[in-house]
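Data block below; observations after.
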Amino acid sequence: MSVPALDFENGRYMVDGWRGVAFYLTGWDQKWEPFTIIDEDEDGNEYEWVEDSEGEWVDDPDSGRVRAVMVGDDYEHVVDVSDLVSIDDNEYCSGCGQIGCSWGAS
């Protein structure tokens, strides 16, 4: 899957389905990577087993999905990269996040 260049630091985006509000990106969607143990038996044979209760959340750029937050909010939404449209700083209000509001334009 080809993923467009995204600005996780300073980029602001319009998201399909929420076209009236600006979003910023906090990172890629994540997946659970269970802890895999490679062990050796008495005969020297290696085997692996997976410990599902232990592991870590890791970024998953191959999913084509990112974590996005509405400007002026703190709830993360997971959205498809294909639903993002980059917007300029002067197109949204940095206070409320509304696209077209000029009160707090960046």
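The values are calculated or read from the model by the stated rules, or taken from the named source; none is laboratory data. For clarity, every value in this text was computed on a predicted model and none was experimentally measured. Cβ placement follows ideal geometry from the backbone for every residue including glycine, while neighbour counts extend to all protein chains displayed.
If I filter segment 24-44 for residues that are surrounded by 10 or more Cβ atoms within 10 Å (Cβ to Cβ), out of contact with any Asp or Glu (no Cβ under 8 Å at 6 or more places or on another chain) and under 30 Å from residue 98 (Cα atoms), do I get at least one hit? Within segment 24-44 (the criterion being surrounded by 10 or more Cβ atoms within 10 Å (Cβ to Cβ), out of contact with any Asp or Glu (no Cβ under 8 Å at 6 or more places or on another chain) and under 30 Å from residue 98 (Cα atoms)), the answer is yes, since at least one residue qualifies. Of all residues in segment 50-86, exactly one satisfies the criterion of being in contact with a Lys or Arg (Cβ under 7 Å, 6 or more places away or on another chain), farther than 18 Å from residue 16 by Cα and surrounded by 13 or more Cβ atoms within 10 Å (Cβ to Cβ), namely 60.
Among the residues of segment 41-61, just one is assigned to a loop (DSSP other than H, G, I, E, B) and closer than 23 Å to residue 28 by Cα, namely 60.
Among the residues of segment 66-92, those that are farther than 11 Å from residue 13 by Cα and assigned to a strand (DSSP E or B) comprise 66, 67, 76, 77, 78, 79, 80.
From the list 11, 17, the one residue that fits, being among the small types (Gly, Ala, Ser), assigned by TED's automatic domain parsing to the domain that holds residue 77 and exposed (fewer than 12 other Cβ atoms within 10 Å of the Cβ), is 17. Mind checking which pairs have a first residue in segment 64-75 that is over 16 Å from residue 94 (Cα atoms) and a second that is among the small types (Gly, Ala, Ser) and surrounded by fewer than 18 Cβ atoms within 10 Å (Cβ to Cβ), Cβ under 9 Å, 6 or more apart or different chains? Matching pairs, first to second residue: 64/82; 66/27; 67/27.
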